[in-house]
Amino acid sequence: MKAMVIDRYGKVPLRLAELPTPEIGEYEVLAEIHAASINPVDFKIRDGKVKLLVKYKMPLILGNDFSGVVAKVGAKVTRFKVGDEIYARPRKSNIGTFAEYISIHENDIALKPKNLSFEEAASIPLVGLTSFQALHDILQLQKGQKVLIHAGAGGVGTIAIQLAKLMGATVATTASEAGANLVKSLGTDEIINYKTEKFEEILKNYDAVFDTLGGEILNKSFEVIKSGGKIVSVSGLPNARFAKEYGSGFFKTLLFSAASTKLTALEKKHNVQYSFLFMKPSGEQLRIFANLIETGKIKPIIDRVYPFEDAQKAMEYAESARAKGKIILKIR
């Protein structure tokens with residue numbers, strides 16, 4: 001099968017390779033991939049920034065979510081049959097959706113929303129699961145609460161805004177002038193132009209922040225939250241609490257604890273709980289999303305679709321951070 005791989009960590013271009021089609025285990029299906037999406041985690045993995053959390057062998061096929069068709073099922077698979085149209089986010093140990101096929105555990109798959117094309121469906125798994133786990137599982141957002149969602153016009157942001165509004169929250173987001181109309185159309189209550197305004201000076205007494213940017217933006221986010229509030233980040237540093245939950249062992253827990261001392265100090269100063277989210281695959285949560293999409297409550301937002309052979313161009317465009325919504329690779 002054809003696949004887009006890297007041979008070492010670093011800012012290296014993707015290489016088109018011919019690799020064997022994956023074998024499947026008894027609880028796995030072989031999925032024929034029709035479309036995949038580009039996510040910031042793809043270049044974090046490529047750059048070696050996830051090495052402490054997951055070890056990968058080279059050559060490594062990148063790609064963290066997809067839509068496609070079941071081509072073969074393992075002996076003990078009960079939920080799916082050959083020909084089913086599916087979408088999924090594979091386990092971190094088994095990524096590789098920039099390819100013609102992938103083997104994936106049946107628990108991580110859901111039937112593709114019937115009203116979406118393969119390209120549209122491929123835009124959902126990673127950002128949908130990230131948003132659900134951040135807003136529902138960690139922040140436990142309640143009706144009437146106020147949440148700041150950073151980078152609202154991005155892949156995660158466009159889904160997170162829709163989900164937070166469905167949960168009954170008041171939503172503020174940061175966006176440029178170019179993204180303002182899009183985030184407004186998704187239901188945002190307050191838009192901060194990050195190029196001309198400082199969100200930390202405008203917003204006060206928020207219950208929660210969903211951070212997708214990390215760094216200084218994350219640090220400043222503590223200033224907008226009321227005492228007892230929560231921050232979840234997918235781009236900040238993992239802390240000791242995360243390391244314990246993830247089962248990282250003593251040494252890594254110590255390492256994460258030391259690396260995140262500034263965040264721990266901010267937590268204490270503002271009386272806010274900080275959580276790092278390393279999203280988990282879940283066919284069950286994707287079934288919830290399929291229902292929300294089929295009933296018209298959530299819609300995918302796509303910026304561009306690239307042919308498979310232009311995967312490197314798609315990655316470069318994703319890294320430019322100019323996309324409004326998702327960037328998709330059409331594989332077949």
Practice prompt. Report, in cubic angstrom per residue, the convex hull volume of the C-alpha atoms of the range 16-174.
Written response: 135
Response to the item:
Sparse-neighbourhood loop hits (trypsin sites (Lys or Arg not before Pro), the range 1-36; DSSP loop; Cβ within 10 Å at most 11 others) -> Arg8, Lys11
Worksheet item: How would Lys49, Lys76 line up by accessible area, probe 1.4 Å, largest first?
Response: Lys49, Lys76
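Charges only on Cβ, +1 for Lys and Arg, -1 for Asp and Glu: so what's the dipole of the range 46-144 about the Cα centre, in debye to the nearest 20?
Working: 15 positive and 10 negative charges, 85 e Å.
Once rounded to the nearest 20, the dipole reads 400 debye.
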Discussion item. Can you return the aspartates and glutamates within cross-link range of Lys76? Criterion is Cα-Cα under 17 Å, with same-chain partners fewer than 8 residues away left out.
Written reply: Glu23, Glu26, Glu28, Asp84, Glu106, Asp108
Item to complete: With runs of 4+ DSSP H residues as the only contributors, calculate the mean residue ellipticity of the chain at 222 nm using -39,500 (n - 2.57) per run, divided by the residue total and rounded to the nearest 500.
Response: -8500 deg cm²/dmol
Worksheet item: Top to bottom by accessible area (1.4 Å), largest first, where do Ser117, Ser103, Ser185 land?
Response: Ser185, Ser117, Ser103
Practice prompt. Send over a whole-number figure in Å² for the accessible area per residue of the chain, probe 1.4 Å.
Written response: 44
Discussion item. I need the peptides 37-48, 151-162 ranked by packing, meaning the mean over residues of other C-beta atoms within 10 angstrom, with the highest value on top.
Written reply: 151-162, 37-48
Practice prompt. Could you check the simple spin-label distance between Ser227 and Asp7, using points 7 Å along Cα→Cβ, in nm with one decimal?
Written response: 5.9
Item to complete: Send over the per residue convex hull volume for the range 254-332, Cα only, as a whole number of Å³.
Response: 212
Worksheet entry | Segment Glu18-Ser185, length gained on full extension (0.36 nm per residue, minus Cα span) | 55.8 nm
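Dividing the Cα convex hull volume of the range 6-89 by residue count, how many Å³ per residue is that?
Hull volume over Cα atoms, normalised by residue count, gives 115 Å³.
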Item to complete: Would you calculate the separation in nanometres between label points at Glu85 and Lys44, each defined as 7 Å from the Cα along the Cα-to-beta-carbon direction?
Response: 3.1
Worksheet item: Just how large is the dipole of the range 80-192 about the Cα centre, in debye to the nearest 20, putting +1 at every Lys and Arg Cβ and -1 at every Asp and Glu Cβ?
Response: 260
Worksheet item: About its Cα centre, what dipole magnitude does the chain give when the only charges are +1 on Lys and Arg Cβ and -1 on Asp and Glu Cβ, stated in debye to the nearest 20?
Response: 600
Worksheet item: How about Lys165: which aspartates and glutamates have a C-alpha closer than 20 Å to its C-alpha, ignoring those fewer than 8 places off in the same chain?
Response: Asp137, Asp189, Glu190, Asp207, Asp211, Glu294
Worksheet item: Of Lys49/Lys252; Lys81/Lys280; Lys143/Lys230, which pairs sit farther than 18 Å apart, going by alpha carbon to alpha carbon?
Response: Lys81/Lys280
Fill in: Positive-end residue of Ile33, Phe43, Phe66, charge dipole of the range 18-109 with Cβ unit charges
Phe43
Worksheet, complete the sentence: In nanometres, the difference between 0.36 nm per residue of separation and the alpha-carbon distance of Lys220 and Asn205 is 4.0 nm
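The values are calculated or read from the model by the stated rules, or taken from the named source; none is laboratory data. None of the values given here were measured: they were computed from a predicted structure. Heads up, the Cβs are rebuilt from the backbone with ideal geometry, glycines too, and the neighbour counts pull from every protein chain shown. Side chains included, ligands, DNA and RNA excluded: accessible areas come from the protein's heavy atoms. Shrake-Rupley method; radii C 1.70, N 1.55, O 1.52, S 1.80 Å.
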